[in-house]
Amino acid sequence: MLLYQLIQLLLNDPVQFLLAIVVLIFPLLISITVHEWAHGFVAYKFGDITPQVQGRLSFNPFSHLDPVGTLMLFIVGIGWAKPVQINPSNIGSKPKLLLVAFAGPFSNFVLAVLFILIFYLMLISFGTQPFTNGNGIFALTMLLLGFIIRINFALGLFNLLPIPPLDGSNIVANMLPDKLANAYMSLSPFGFPVLLLLLISGGLRYIFNFAMELQKTILVFIDSILFNVL
């Protein structure tokens, strides 16, 4: 697990440990902050001022952090923030509520693609020469970009799982008739144990592997429509 790797790094190489913490914290804070802001922003645009009143229309990470979710970030590499509270009666229709639920994962996919574009432009501008010449700042920048890309894809995919309280469960619930939706959401108390089992068992590796494949595929696609040099 990630926590074990961090402890080993701390014991064996404190400098690399500090570098790893920087590489972890910066992308994770960006990802979860934008994710939760997107939920609140779409709800606000649909007429619900609850996120604004509760201070969730903010890019301040501390407005969104959840203690347990943040701890899981450092144990297994992925977690969650405080869910944005909304008032469904202010939003009205199920399609709008579905869009509010989808806004978070969608924002992560958008972020990932934007950072892939930045990664690609840096790669074709500088090539791999800064790596071979020992340019630590360039290497760290590319490392950060790569991790931001993967964590955003992974966070978006993770939140699309139809397990309460993840966004995927709200998306599914708003696609179902009321009776079925209520029956489905009544399973919410079992959601956290299922997620915990998934996190501890290593099931997340499939999500991260898929995230890496998405990164490669989109990078190749961007190259094919721009400079075709890779």
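The values are calculated or read from the model by the stated rules, or taken from the named source; none is laboratory data. Every value quoted in this text rests on a predicted model; they were computed, and no experiment measured them. In this analysis, Cβ positions are derived from the backbone assuming ideal geometry, glycine residues included, and neighbour counts consider all displayed protein chains.
When residues in the range 212-227 are screened for being at pLDDT 90 or above and either within 19 Å of LEU155 (Cα to Cα) or not in a helix (DSSP H, G or I) (or both), 8 of them pass. Condition check for SER125 on (1) surrounded by 21 or more Cβ atoms within 10 Å (Cβ to Cβ); (2) among the polar types (S, T, N, Q); (3) at pLDDT below 90: one failure, at (1).
Here VAL100 clears all of (1) surrounded by fewer than 18 Cβ atoms within 10 Å (Cβ to Cβ); (2) at pLDDT 95 or above; (3) more than 11 Å from the chain's Cα centre (by Cα); (4) of a type outside the set (Lys, Arg) except the condition numbered (1).
In the range 172-211, the qualifying residues are those that are within 17 Å of the chain's Cα centre (by Cα) and aliphatic (A, V, I, L, M), and the one that is modelled with the lowest pLDDT is LEU199.
When the criteria are applied in full, LEU2 fails the requirement of being surrounded by 17 or more Cβ atoms within 10 Å (Cβ to Cβ), of a type in the set (A, V, I, L, M, F, W, C), modelled with pLDDT under 70 and over 30 Å from PRO95 (Cβ atoms).
Filtering the range 42-80 to residues that are modelled with pLDDT under 90, surrounded by 13 or more Cβ atoms within 10 Å (Cβ to Cβ) and assigned to a helix (DSSP H, G or I) leaves PRO61, SER63, GLY69, THR70, MET72, LEU73, PHE74, ILE75, VAL76. Against the list (1) touching a Phe, Trp or Tyr at 6+ places or on another chain (Cβ under 8 Å); (2) surrounded by fewer than 16 Cβ atoms within 10 Å (Cβ to Cβ); (3) modelled with pLDDT of 85 or more, the condition ASN87 fails is (1).
Residue-by-condition table, conditions (1) crowded, with 20+ Cβ neighbours inside 10 Å; (2) touching a residue at least 40 places away in the same chain (Cβ under 8 Å):
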site	(1), (2)
LEU145	no, no
ILE151	yes, yes
PRO165	no, yes
SER169	yes, no
ASP178	no, no
TYR184	no, no
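Among the residues of the range 81-99, those that are assigned to a helix (DSSP H, G or I) and among the charged types (D, E, K, R) comprise LYS94, LYS96.
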